[in-house]
Amino acid sequence: MAQLAQIWRYPVKSHGREAIVSARLTAGDCLPGDRIWAIAHEASKADNAAWSPCSGFTRVASSPALAAIKATLHDDGQTVTLSHPEQDTLTVAPDLQPGMLLDWVRPLTAEDRAAPARVVRVQGRGMTDSDYPSLTIGNLASHRAVEGRLGRPLQVERWRANLWLDGLPAWEEFDWIGRNIQIGGAVLRIVERTGRCAAPSASPDTGRRDTDLLQFLDQQWNHQDFCVHAEVTQSGPIAIGDQAKVL
């Protein structure tokens, strides 16, 4: 029987990961605390009015050092603590102290890329890569299949998924498109495969690119997808260890 093995959220898009043990999902919403804020670069038109595509933001795909950030969202939902092996730990309220956050992330942004310019927050939804509020679901068996062909261990954090399921055949998740899955007390509809960029090629330990996973997926499986996007259709609680059942 498949079960929920890990839950991850990313309070600041592409700027830190946080493992949690439970959450309450709400129909039509993202994972609580996920991608609350995003950092728009100086060439971006993104603002607080509406969702914007990922190209408008500073992110791991173009600045791999960001992959090594860890995050803790405080209980107030307004304050986050960020840490990085090459930076002092920062505790900041991004809505109230955007300049402090921008100053902290600038040294981690690639010099040949547009610089961080402003903090963006769209009320009522996270800044996910999809234009609809979504969660990304990963299959640990598919991750192990990649490790097996690569010939070495690979940190699961590279894929930046929200929910990780265990106890399934590898790549089964791609057969779920258009179907529903119940996890704990919530139901989600699987919408599409998650197309990948260069972000997973960066190590979450060092913030340096060490494996071209985009090319590797293409060479080994003739696609560049990993994980699936899902939207919550029935509200309910989820927790690590909950059973997952495709309906």
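With θ taken as phi - 60° and the Karplus curve 6.51 cos²θ - 1.76 cosθ + 1.60 applied, the whole-hertz 3J(HN,Hα) list for segment 215-227 is 5, 5, 4, 5, 5, 8, 10, 6, 7, 10, 10, 7, 6 Hz, x standing for glycine and proline. Summarising the amide proton neighbourhood of residue 17: residues at separation of 5 or more, or on other chains, whose placed amide H is nearer than 5 Å comprise 70, 71. Computed about the Cα centre, the dipole magnitude for the chain is approximately 160 debye when only Lys and Arg (+1) and Asp and Glu (-1) carry charge, each at its Cβ.
Would you calculate a helix-derived [θ] at 222 nm for the chain, using -39,500 (n - 2.57) for each DSSP H run of n ≥ 4 and dividing by the full residue count, to the nearest 500? Working shown, then result.
Details: 3 runs with 28 residues, N = 247.
Value at 222 nm, helices only: -3000 deg cm²/dmol.
In a simple Cβ point-charge model (Lys, Arg +1; Asp, Glu -1; nothing else charged), segment 87-126 has a dipole of about 260 debye relative to its Cα centre.
Cα-based Rg of the chain per 2.2 N^0.38 Å, rounded to two decimals?
After normalising by residue count via 2.2 N^0.38 Å, the value is 0.97.
Note that the chain presents 43 Å² accessible area per residue, ligands and nucleic acids not counted, probe 1.4 Å. Heavy-atom accessible surface of residue 216, to the nearest 10 Å², is about 30 Å², with a 1.4 Å probe and all protein chains retained.
Each of 232, 23, 200 was placed along the dipole of the chain (beta-carbon charges, centred on the mean Cα), and the one lying farthest toward the positive end is 232. Accessible surface of the chain, 1.4 Å probe: 46 percent of it comes from carbon and sulfur atoms. Measuring how big segment 66-177 is from its alpha-carbon positions, Rg and Dmax come out at 17.4, 46 Å. The mean sequence distance of close C-alpha pairs (under 8 Å, at least 6 residues apart), as a share of the length of segment 164-236, puts its relative contact order at 36 percent. In this structure the amide hydrogen of residue 52, modeled in the peptide plane, comes within under 5 Å of no amide hydrogen from residues 5 or more places off or on another chain. Backbone phi angles across segment 66-78, fed through the Karplus curve with coefficients 6.51, -1.76 and 1.60 (θ = phi - 60°), yield HN-Hα couplings of 5, 4, 8, 6, 10, 9, 9, 7, 6, 4, 6, x, 10 Hz in residue order; Gly and Pro are listed as x.
Ignoring ligands, DNA and RNA, how do 171, 164, 104 rank by accessible area with a 1.4 Å probe, largest first? Mind dumping the intermediate values first?
Values: 171 45, 164 0, 104 25 Å².
These residues rank, largest area first, as 171, 104, 164.
Taking other residues whose beta carbon is less than 13 angstrom from the beta carbon of residue 3, and scoring Lys, Arg as +1 and Asp, Glu as -1, yields -1.
The values are calculated or read from the model by the stated rules, or taken from the named source; none is laboratory data. Remember, predicted model here, so these are calculated numbers, not experimental data. Glycine also receives a Cβ, built like all others from the backbone with ideal geometry; neighbour counts cover every protein chain displayed. Ligands, DNA and RNA are stripped out before the accessible areas are found, and what is left, the full protein with its side chains, is counted by its heavy atoms. Shrake-Rupley method; radii C 1.70, N 1.55, O 1.52, S 1.80 Å.
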